[in-house]
2 protein chains.
Amino acid sequence: MKINDLVKASGEWMNGSGPSSDIVISSRVRLARNLANCKFPLSANIEEKAEILKIISSAIERINTDKNLSIISLNDITPLERKFLVERHLISKEQEEESGQRAVAISKNESIAIMINEEDHLRLQSLQSGLQLDTTFAMLNTVDDKLSELLQFAYDDELGYLTACPTNVGTGLRASVMLHLPALAITRHLDKAFRAISKLNLAVRGLYGEGTEAHGDFYQISNQITIGRSEEDILGDLRVVIDQIVAYEKSARTNLLEKELIKIEDKIWRSLGILQNARIISSEEVMRHLSAVRLGLQIGMVKGINLTELNEIFIFSQPAHLQIMQGHELDAEHRDILRAKFVREKLKNGKN
Amino acid sequence: MKINDLVKASGEWMNGSGPSSDIVISSRVRLARNLANCKFPLSANIEEKAEILKIISSAIERINTDKNLSIISLNDITPLERKFLVERHLISKEQEEESGQRAVAISKNESIAIMINEEDHLRLQSLQSGLQLDTTFAMLNTVDDKLSELLQFAYDDELGYLTACPTNVGTGLRASVMLHLPALAITRHLDKAFRAISKLNLAVRGLYGEGTEAHGDFYQISNQITIGRSEEDILGDLRVVIDQIVAYEKSARTNLLEKELIKIEDKIWRSLGILQNARIISSEEVMRHLSAVRLGLQIGMVKGINLTELNEIFIFSQPAHLQIMQGHELDAEHRDILRAKFVREKLKNGKN
């Protein structure tokens, strides 16, 4: 697999076919794993990191009997291509910025990504559309089981899996769900919903994880605690909260449509009008309007476009994606021009 | 003529066919006249005002051999209908708010309006599309000549025509030109242009004359001095300045299109997108976006709509027009909803 193959494709999660996909964009699970008897990447030297990469790559090749996984060395691609993989949610910002030998193994439909030499030796990730934490975890668990037959993971009988950062020790599991909450945002009930979440040791973040702002009413909710509980319990607790927020957003939508229909229509159609007409547009503005158009699609107000197209705008209108599609680097102004063109083209059939 | 006839029609000036109509919306001339030996309306009592109205109406009927003029009594129509006539530029705000017997005579294509018992006994007005001060004045001069054969106007050999307010004494003439100056606004050169104007004893005002703000880069420029110069000289001086500003705006447009094409395109298309999609919209916002769309039409960027439609939006999207069209009074929110619907309908064919 090459970067160019990813430009032509789009991940499974983008098709918007999963359960509750009117509100839940995607479910993501990741497991942090480290090789026993090897230094963590941050303390390993160049040779040690190269050796770790070699060991893990070889294990991945052995479990890759159906050739579903392709390994991309992050050292063989350009900085722009690494940014592209971050935007695609296939590697982390941390891994992008890391030095030394590192790589990622990606499955054909992008549901599985295995980062090698991130903060931990291994970060296994699975990503699927809609709300399906259990199947997303099950898919990843299979990969984890196969790898653990070939690799000896750092594990402590009392603590569980050992990781570079203490916040991941135990299960090494972080499950996160990307939600679209426009009605809670419009009715200013987000704070209330999120206050409850932080009491339950869950974290709320923006579109690109830790340290990023929320744009366009898209929020990631994930577990904070990785230790002292089973994977099933962690996922179960998260699931209960997500179900509540989904119900909360649904009821806010119903209320809005009953009481503020014309204002919501105005917001949705103006956003579509701007996206269909702008000649220069920033990522942030796209996200903001995309949120309204997505709501319009979910409540059946907007026709002629589908969820896949909206999700593709999400991903492909990002800076590195635009530049890779264009074939060369672009300054901010030219990205804004190209982004506007891309968005217009994608949404041209949107109508009443 | 009834108010309902005006709802179905649109004035000659709205067809946008006059000279320089890419920049000049309309030319307007008015003459202030008073009957000799009668008190000015502000000091006349009810009976005297009724008598003045009777005398002038009778003179208008006599010159109205081709039945082109219709007299509407402002006392026989509703306050909303009076506001409608103000929005249509057929009566002044002052006449709308005046008490006592008062009327307006309007020609079929709305080029001529004769207000009776405004601040002066007579305010003769002619209004035509584009820049044609001379023909607009000539048209009005004919009416003035005919009326002066039947009515004795208050006239002083030294001062000229006598008027209620000293600022109109002399010729009683106010000529004004409505300009659309988006490029000077965008390039922030309006102040410079307007500073020169005030030195020349000309006034700059917004869309609805004295005391009104400019919306959407539409400005009225008119003479301040009415005394000590002939009508021809007053019109000539104004014409010289307007020609300069028109040239200035043209050069600003050329410059913008050369140097900032994409930004201008962005502005124009976003404005069209918003007008074609909004479900709630204020007058001010309509004006702002209409300015950009009008520029787009003038430079050949926007197709499928014409100047008449844009001018009709100007007029018909105003509060009283919307309510008269709807057949009943509406609160601000419902006007904003109806306005958005009207504008969408008018602009639905606007495209690349």
Label points for B:Asp331 built 7 Å along Cα→Cβ; distances to same position in the other copies, nm, shortest first, come to 5.2
Inter-part gap, Cα centre of segment B:217-276 to Cα centre of segment A:267-286, in whole angstrom, is 29
Here the correct list, in nm and shortest first, of distances from A:Ile55 to the same site in the other copies, label points 7 Å along Cα→Cβ, is 11.2
Per the rotation taking chain A to chain B, min distance Cβ-to-axis on chain A (residue, whole Å) equals A:Gly273, 2
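Past 23 Å, Cα to Cα, is the threshold; run A:Lys259/B:Lys346; A:Lys348/B:Lys250; A:Lys83/A:Lys199; B:Lys93/B:Lys250; B:Lys267/B:Lys348; B:Lys39/B:Lys67 against it and keep the listed order.
Violating the 23 Å Cα-Cα cut-off are A:Lys259/B:Lys346; A:Lys348/B:Lys250; A:Lys83/A:Lys199; B:Lys93/B:Lys250; B:Lys39/B:Lys67.
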Taking R0 as 35 Å and r as the Cβ-Cβ distance between B:Lys8 and A:Ser251, the FRET efficiency 1/(1 + (r/R0)^6), rounded to the nearest 0.05, comes to 0.15
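First select every other residue whose beta carbon is under 14 angstrom from the beta carbon of B:Leu90; then total the charges, Lys and Arg +1, Asp and Glu -1.
Neighbourhood net charge equals +2.
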So for chain A, using the alpha carbon gyration tensor with a ≥ b ≥ c as root eigenvalues (a/c under 1.5 gives rounded; past that, a/b versus b/c decides prolate or oblate), I'd call it oblate
Per-residue average of other protein chain Cβ atoms inside 10 Å, peptide A:257-266 -> 3
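Just to confirm a number: summing +1 for Lys and Arg and -1 for Asp and Glu over residues other than B:Lys39 whose beta-carbon lies under 10 angstrom from that of B:Lys39, what do you get? Spell out each step's value before the answer.
Numbers: positive: B:Lys49; negative: B:Glu48.
Summing Lys and Arg as +1 and Asp and Glu as -1 gives 0.
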GNM on chain A, Cα springs under 10 Å; top mean-square fluctuation among A:Val143, A:Val24, A:Val293 goes to A:Val143
For B:Lys146, the accessible surface traced by a 1.4 Å probe with all protein chains present amounts, in square angstrom to the nearest 10, to 90
Output row for A:Thr78: copy-to-copy label distances, label 7 Å along Cα→C-beta, ascending, in nanometres, one decimal, is 6.7
Chain A, Gaussian network, Cα under 10 Å: of A:Thr65, A:Thr254, A:Thr187, the residue fluctuating most is A:Thr65
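Where does the protein assembly as shown land on Rg/Rh, using Cα atoms and the Kirkwood Rh?
Numbers: Rg = 35.4 Å, Rh = 30.2 Å.
Radius of gyration relative to Kirkwood radius: 1.17.
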The simple spin-label model distance between A:Gln224 and B:Asn64, using points 7 Å out along Cα→Cβ, in nm, is 8.1
Comparing B:Ala32, B:Ala44, B:Ala183 in a Gaussian network model of chain B (Cα, 10 Å), the one with the largest mean-square fluctuation is B:Ala44
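What's the Cα-based Rg to Rh of segment A:255-324, Rh via Kirkwood?
Details: Rg = 12.9 Å, Rh = 12.8 Å.
Taking Rg over the Kirkwood Rh, I get 1.01.
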For the pair B:Asn306 and B:Met1, the simple spin-label estimate (label points 7 Å beyond Cα toward Cβ) gives in nm 2.2
Two pseudo-spin positions, 7 Å from Cα along C-beta at B:Lys263 and at A:Lys199, lie apart in nanometres by 5.1
Classified through the alpha carbon gyration tensor (a ≥ b ≥ c as square roots of its eigenvalues; rounded if a/c is under 1.5, else prolate when a/b is larger than b/c, else oblate), segment A:81-203 comes out prolate
Tilt, helix A:46-63 to longest principal axis of chain A (alpha-carbon atoms), in degrees rounded to tens, equals 80
The alpha-carbon center of segment A:66-118 and that of segment B:65-119 are separated, in whole Å, by 75
Helix A:307-316: inclination vs chain A longest Cα principal axis, degrees, rounded to 10, gives 60
Note: A vs B interface, total accessible area buried (1.4 Å probe; ligands, DNA, RNA excluded), nearest 100 Å², is 1600
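The values are calculated or read from the model by the stated rules, or taken from the named source; none is laboratory data. Remember, it's a predicted structure, so these values are computed and weren't measured experimentally. In this analysis, Cβ positions are derived from the backbone assuming ideal geometry, glycine residues included, and neighbour counts consider all displayed protein chains. The protein model used for the area step is the full one, side chains on, heavy atoms only, and it has no ligands, DNA or RNA in it. Shrake-Rupley method; radii C 1.70, N 1.55, O 1.52, S 1.80 Å.
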